[in-house]
Every structure is written in structure tokens, then in C-alpha cells.
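The values are calculated or read from the model by the stated rules, or taken from the named source; none is laboratory data. Here the structure is a predicted model, which is why all the values come from computation and not from measurement. Every residue, glycine among them, receives a Cβ derived from its backbone with ideal geometry; neighbour counts consider all protein chains shown. The accessibility values were calculated without ligands, DNA or RNA, using every heavy atom of the protein model including side chains. Shrake-Rupley method; radii C 1.70, N 1.55, O 1.52, S 1.80 Å.
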Amino acid sequence: MHRGIGPVLVLGRKMAASGAEPQILVQYLVLRKDLSQAPFSWPAGALIAQACHAATAALHAHRDHPHTIAYLRELERMRKVVLEAPDETTLKKLSETLQQKNIEHVLWLEQPENITTCLALRPYPKEEVNQYLKTFRLFK
């Protein structure tokens, strides 16, 4: 029996209404794959937590941007794509490229170890950022 939990938020995808489809916004995350392998061997839960931290930080840091506002307004339409970077160097290089191109993102550092673990973009139309992410594959 559940006591004191309160109402549960239930969301589902709605069928698109006739007419123009709203702009699809995607939040991309790039997570270090090497952290799941020796010598690090982080458990899956720890890696998922890193992606969650980075995604939340990016949404909070860019909470006033119109794309973030629109993304959070329609929770049932949220889209995230989790990609993998082979190592820390690749992740930091991507961050530098995104900074040079004025693509807003957060590079998450796990503390107190100060380990770079994940990069999260604020929500973007995928057409605006695909070119910077096309060399990364889906995280497995």
C-alpha cells in the first residue's frame, strides 16, 4: 500500500493534430563509453546517473532559452538522444568545438573526483546540431 505519496504524473504521447507539426526539439547527451570498461568499470547505474546530472544541469542552465521553455512545456514530447564518446579527450574536444560554434551545452564533471563524464546540450532542433554529432554513435 502506498501512503503519503500524492498524485502521480502520468504522461503519454498524443497523436499529432492535423495541420503543421510543431518544431521537434531534441536534447543530445554524449556519455563516455570508456567509463563502462576496464580499468574504470563503472556500473550502468552510475553512468545513467551521470547522464541525468548533465541533462538536468543543461536544462537548468538554459532554462530561460525559448527552446528549453518549449521543450519543458510539452513533457510528453521530450526527446533525448544518448551518444557515446570513446574517451575523455574526445568529449573535451567536442566541448571545445561546440563552444567555438556557440552551441550551448554543459560538460559534467563528477565530484569530488573531477572526472569529465558527460556532455549535454540544451534542447535544439536537430538540424542545428547534427553536423557536430554525426560522428558519434548511439550509446550501447
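So here's what we get for this one:
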{"read-out": "Residues with amide H under 5 Å from that of PHE139, placed H, sequence gap 5 or more", "value": "VAL82, LEU83, GLU84"}
{"read-out": "Global form of region 67-106, assessed from the alpha-carbon gyration tensor, a/c cut-off 1.5", "value": "oblate"}
{"read-out": "Under 19 Å from the ILE115 label point (7 Å along Cα→beta-carbon), backbone N, region 46-77", "value": "46-55"}
{"read-out": "Cβ-derived FRET efficiency at R0 22 Å, LYS101 paired with PHE40, nearest 0.05", "value": "0.15"}
{"read-out": "Percent accessible area from carbon and sulfur atoms, region 62-117, protein chains only, probe 1.4 Å", "value": "49"}
{"read-out": "Residues of region 21-140: accessible area per residue with a 1.4 Å probe, Å²", "value": "56"}
